[in-house]
Amino acid sequence: MKKGYIILLIALCSVNVFAQSKDEKIKTLKIAFITEKLNLSKTEAQKFWPIYNAYEEDTNSLRNEMKAQRKSSDIDNLSETEANTLLNSMVQSNEKRLLLYNQYINDLKKVIPAKKIIILKKSEDDFRRKLFEEYKKRHQDDKR
């Protein structure tokens, strides 16, 4: 029965993939991949996805802030004082990211077992690796 739900989810995601941007397609595929790997119960899924999505949104926002900060700085012409200010800001951003991650793990522990949290981390890494391999493969095909 669970395999039927997974197949249905993947089929629905596949239909949606054609009408979405690349970022949305990747997000949809990632959700399907994680859903399959974690094998969440309905109750777990209802509590898990809001936590996961909020964490993703917060980390993306922090990443974008850090990127904008680096882009707005003319690194070649920074004074030592400006470099120290930028470096301190980078350290603070990394501290925020760590606090965010620790809170995320604590929130996840309340809704899914620790083993599934480990599987989640591995699944995210596996998805990222597959995405990168697909990217390399497509660009190799483009060069031919």
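Kindly evaluate residue 80 against the criterion of being without any contact (Cβ under 8 Å) to a residue 40 or more places away in the chain, surrounded by fewer than 12 Cβ atoms within 10 Å (Cβ to Cβ) and closer than 21 Å to residue 61 by Cβ. Considered against the rule, which asks whether it is without any contact (Cβ under 8 Å) to a residue 40 or more places away in the chain, surrounded by fewer than 12 Cβ atoms within 10 Å (Cβ to Cβ) and closer than 21 Å to residue 61 by Cβ, residue 80 comes out as no. Taking the criterion of being at pLDDT 95 or above and hydroxyl-bearing (Ser, Thr, Tyr), the residues of the stretch 27-60 that qualify are 52, 55, 59. Which one of these is aliphatic (A, V, I, L, M), touching a Lys or Arg at 6+ places or on another chain (Cβ under 8 Å), surrounded by 13 or more Cβ atoms within 10 Å (Cβ to Cβ) and assigned to a helix (DSSP H, G or I): 62, 100, 40? The unique qualifying residue is 62.
The values are calculated or read from the model by the stated rules, or taken from the named source; none is laboratory data. Note that the structure is a prediction, hence the values are computed from the model and not measured. Here the Cβ is made from the backbone with ideal geometry for all residues, glycine too, and neighbour counts use every protein chain on show.
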